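A quick write-up on the structure given underneath.
The values are calculated or read from the model by the stated rules, or taken from the named source; none is laboratory data. What you see is a predicted model; the values in this text were computed from it and never measured. Positions of Cβ are generated from backbone atoms using ideal geometry, with glycine treated the same way; all protein chains shown enter the neighbour counts. Quick note on the areas: whole protein, heavy atoms, side chains included, nothing else; ligands and nucleic acids left out. Shrake-Rupley method; radii C 1.70, N 1.55, O 1.52, S 1.80 Å.
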Amino acid sequence: VRVAWTPRVTAAGLLPSWAGRCSKALSPLARLVGLIMKRLGSVQRKMPCVFVTEVKEEPSAKREHQPFKVLATETISHKALDADIYSAIPTEKVDGTCCYVTTYKDQPYLWARLDRKPNKQAEKRFKNFLHSKENPKEFFWNVEEDFKPAPECWIPAKEIEQINGNPVPDENGHIPGWVPVEKNNKQYCWHSSVVNYEFEIALVLKHHPDDSGLLEISAVPLSDLLEQTLELIGTNINGNPYGLGSKKHPLHLLIPHGAFQVRNLPSLKHNDLLSWFEGCKEGKIEGIVWHCSDGCLIKVHRHHLGLCWPIPDTYMNSKPVIINMNLNKCDSAFDIRCLFNHFSKIDNQKFARLKDIIFDV
């Protein structure tokens, strides 16, 4: 099957969820917060930059061994304007790895991001196409032959264009997708540490429902997260930019995409955003993701503006955090080594910042 690729990107809007099985161990308030989180979009594919970008022949600060930088110009992109960026909801771009909650084995399951990538021959052809001086308008993929095999349980990301039942690769030559996180899969051990399939719950970091200046770590029913995407952060993810846990006692958490709205953002101008990132306490974040009314997601990363990331003191670590597991009598059923058990032992405790959470093991 041959499919033509043309350079265009869209982001999937949030699909309606359905009511899955919900653990009785959690409070109605926790479930209500989960439902509120479903208002914003889900990350199902690469997000375009809010500005038109240009390539500069300098070593990248974001990716090691990349001999160029992708920098934002002062021009707002057509994609952003078409998505009505000025009416969009700005949220913090969190530095972790993308996850997805959907059904597997007839119950809500956490899925890890796994993009299908072309084999060596197809990748070489695609790179030649991208660097061709003739610049043909279309590149034809043979989806059945050009890509490395995917695990049997792999599924393509939502809203990816399909032709004859085959997903169309994105502008990077990848097919975004997901694989379920099994409990004993060592490859995804940090993913599995934040979920418990017996009780169908997940460890989630978000704002406290009654205090936007307070963070809260709680156990949320996986059924309340159905069809949402989240960011997994922690000790062993992306160099741990938020300083969570330690090598001896690793700590990982899930953050629903769109959970942290950005307040008092300046005008959508290159220099104003640059000054905000450099000079404001709230600007000590990896980037911004705008959730547009049509479901489109638009981003800007600090690196787009020539700024460094990670940074020593992040905005996420400037807020106090409270533990609110609210698991009633279920804590005795957890494995003594699991995160749910550790957090149950410090339930209702408050810490000055995330990086101050230490388990007394």
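Tally time: how many residues in the stretch 268-297 are open to solvent by 70 Å² or more (accessible area, probe 1.4 Å) and assigned to a loop (DSSP other than H, G, I, E, B)?
Total meeting the criteria: 4.
So which residues in the stretch 141-158 are of a type outside the set (Phe, Trp, Tyr) and either buried (at least 16 other Cβ atoms within 10 Å of the Cβ) or in a helix (DSSP H, G or I) (or both), if there are any at all? If you could, list the steps in order and put the result at the bottom.
In the first step, residues of the stretch 141-158 are kept if they are of a type outside the set (Phe, Trp, Tyr); the result is 142-146, 148-153, 155-158.
Within the stretch 141-158, Val143, Glu144, Glu145, Asp146, Ala150, Ile155, Pro156, Ala157, Lys158 meet the criteria.
Does Asp170 satisfy being crowded, with 18+ Cβ neighbours inside 10 Å, among the acidic types (Asp, Glu), closer than 30 Å to Gln261 by Cβ and modelled with pLDDT under 95? It would help to see each step written out before you state the result.
Numbers: crowded, with 18+ Cβ neighbours inside 10 Å: yes; among the acidic types (Asp, Glu): yes; closer than 30 Å to Gln261 by Cβ: yes; modelled with pLDDT under 95: yes.
Considered against the rule, which asks whether it is crowded, with 18+ Cβ neighbours inside 10 Å, among the acidic types (Asp, Glu), closer than 30 Å to Gln261 by Cβ and modelled with pLDDT under 95, Asp170 comes out as yes.
Check every one of the strands (runs of 3 or more DSSP E) wholly within the stretch 167-262 and list those with 1 or more residues that are touching a Lys or Arg at 6+ places or on another chain (Cβ under 7 Å) and at negative phi.
Values: elements: 177-180, 201-208, 211-221, 229-234, 252-256.
Answer list for the stretch 167-262: 177-180, 211-221, 252-256.
Identify all residues within the stretch 75-94 that are in a strand (DSSP E or B) and either over 16 Å from Phe277 (Cα atoms) or of a type in the set (A, V, I, L, M) (or both); write none if there are none. Walk me through it before giving the result.
To start, the set of residues in the stretch 75-94 that are in a strand (DSSP E or B) comprises 75-76, 89-93.
Hits for the stretch 75-94 are Thr75, Ile76, Ile89.
Name the residues in the stretch 300-321 that are open to solvent by 40 Å² or more (accessible area, probe 1.4 Å) and either outside any loop (DSSP other than H, G, I, E, B) or over 29 Å from Ser218 (Cα atoms) (or both), would you?
Selection gives Gly306, Cys308, Tyr315, Ser318.
Quick check: is even one residue across the stretch 203-221 open to solvent by 10 Å² or more (accessible area, probe 1.4 Å), touching a residue at least 40 places away in the same chain (Cβ under 8 Å), closer than 30 Å to Thr73 by Cα and touching a His at 6+ places or on another chain (Cβ under 7 Å)?
No, the stretch 203-221 has no match at all.
Can we say His270 is out of contact with any Pro (no Cβ under 8 Å at 6 or more places or on another chain) and farther than 21 Å from Gly213 by Cα?
On the way: out of contact with any Pro (no Cβ under 8 Å at 6 or more places or on another chain): yes; farther than 21 Å from Gly213 by Cα: yes.
For His270, the condition - out of contact with any Pro (no Cβ under 8 Å at 6 or more places or on another chain) and farther than 21 Å from Gly213 by Cα - is met.
Pick from the stretch 177-192 the residues that are open to solvent by less than 30 Å² (accessible area, probe 1.4 Å) and under 16 Å from Gly234 (Cα atoms): which of them is nearest to the chain's Cα centre (by Cα)?
Start the filter on the stretch 177-192 by keeping residues that are open to solvent by less than 30 Å² (accessible area, probe 1.4 Å), which leaves 177-181, 188, 191-192.
From what is left, the residues that are under 16 Å from Gly234 (Cα atoms) are 188, 191-192.
Working: Tyr188: 16, His191: 13, Ser192: 16 Å.
Across the stretch 177-192, the extreme among qualifying residues is His191.
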